[in-house]
Amino acid sequence: MVGLPAAGKTTRAKELAAAHHALRLTPDHWMIPLFGNAIGDFQRPGGERWVLEGRLISVALQALRLGINVVLDYGLWGRDERSALRWLARSAGAACHVVYLPVDKNVQLARIAHRQETTPHQTFPMSEADVDAWREQFQVPDAAELNGGEIPAPPAGWPDWPEWAADHWPSCTDS
Ligand SMILES: Nc1ncnc2c1ncn2[C@@H]1O[C@H](COP(=O)(O)OP(=O)(O)OP(=O)(O)O)[C@@H](O)[C@H]1O
Ligand SMILES: [Mg+2]
């Protein structure tokens, strides 16, 4: 899954998991019980969120090797993150589909407000300024990513995608 907060990723991920008998991995559903739903230090680069995501990627790869479908319900704002995961999925013998859910800002804000009102304990607080900053950071997937095209080489200085992934998601080893 690829998309900004409140784009509808978890909603769609549940539908896909049911339709494809897939294991759904949703980091927020681990982060909030473990660390609460305030924005905290655990979100920093290399912090607990990234460790958790790395471990869940390892779980995903184990499942793929067992022939089990996986829905990775992450935000995956960065093209490099998506390239790394596409590469890792392929290395596990799986096909990989990038499911991108675009969302207009007004719809996003309305959904965030509704969710904050109805299920505050299942989400993180998000302001309009946060949303503006996130929309700037988000790298929209291109046609090659969406159509399963060629996977780009890792950024300069990285020998391969597994090493890049292990740096980006500490604990993201294929074991
Ligand atoms: N297609 C849709 N139409 C209308 N409302 C939707 C749709 N998809 C999701 N929603 C609602 O929008 C809110 C956000 O959806 P959801 O939690 O699935 O988003 P998300 O992308 O997983 O967000 P986050 O990144 O914060 O986990 C929820 O209240 C959900 O019920
Ligand atoms: Mg979600």
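The values are calculated or read from the model by the stated rules, or taken from the named source; none is laboratory data. Note that this is a predicted model, so its numbers are computed, not measured. When we count neighbours, we look across all protein chains shown, and the Cβ atoms used for this are built from the backbone with ideal geometry, even at glycine.
Of all residues in the stretch 1-38, those satisfying the criterion of being over 21 Å from Val98 (Cβ atoms) and either away from ligand 1 (no atom under 12 Å from the Cβ) or under 15 Å from the mean Cα position of the chain (by Cα) (or both) are His29, Trp30, Met31, Pro33, Leu34, Phe35, Gly36, Ala38. For the stretch 9-24: of the residues being surrounded by 16 or more Cβ atoms within 10 Å (Cβ to Cβ) and within 11 Å of ligand 2 (Cβ to nearest atom), which is nearest to Val70 (Cα to Cα)? Going through the qualifying residues, I end up with Arg24.
Residues that are in contact (Cβ under 8 Å) with a residue 12 or more places away in the chain number at least 3 in the following helices (runs of 4 or more DSSP H) confined to the stretch 63-175: 79-91, 105-118, 128-137, 161-168. Scanning the stretch 39-53 for residues that are within 16 Å of ligand 2 (Cβ to nearest atom) and within 17 Å of the chain's Cα centre (by Cα) gives Gln43, Arg49, Leu52, Glu53.
For the stretch 89-108, the set of residues classified as out of contact with any helix residue (DSSP H, G or I) (no Cβ under 6 Å at 6 or more places or on another chain) and away from ligand 2 (no atom under 16 Å from the Cβ) consists of Ala89, Arg90, Ser91, Gly93, Ala95, His97, Asp104, Lys105, Asn106, listed by residue number. Annotation: Phe42 fulfils all but one of (1) in contact (Cβ under 8 Å) with a residue 12 or more places away in the chain; (2) outside any loop (DSSP other than H, G, I, E, B); (3) in contact with a helix residue (DSSP H, G or I) (Cβ under 6 Å, 6 or more places away or on another chain); the unmet one is (1). For Ala63, state whether it is farther than 11 Å from Trp169 by Cβ and modelled with pLDDT of 90 or more. Taking the combined requirement at face value, the residue satisfies it. Take the residues in the stretch 119-132 that are at pLDDT 95 or above and more than 13 Å from Ala7 (Cα to Cα), then tell me which one is surrounded by the most Cβ atoms within 10 Å (Cβ to Cβ). In this case the residue turns out to be Glu128. You will find that of Gly3, Gly93, Gly54, Gly40, the residue that is at pLDDT 95 or above, within 17 Å of Met126 (Cβ to Cβ) and not acidic (Asp, Glu) is Gly3 and no other.
Annotation: of all residues in the stretch 26-36 being more than 13 Å from ligand 2 (Cβ to nearest atom) and in a helix (DSSP H, G or I), the one that is surrounded by the most Cβ atoms within 10 Å (Cβ to Cβ) is Phe35. Need pairs with beta-carbon distance below 7 Å; first residue touching a residue at least 40 places away in the same chain (Cβ under 8 Å) and in a helix (DSSP H, G or I) and within the stretch 9-25, second of a type in the set (D, E, K, R) and more than 10 Å from ligand 1 (Cβ to nearest atom); sequence gap 6+ or separate chains. From the stretch 9-25, the pairs are Ala13/Arg24; Ala17/Arg24.
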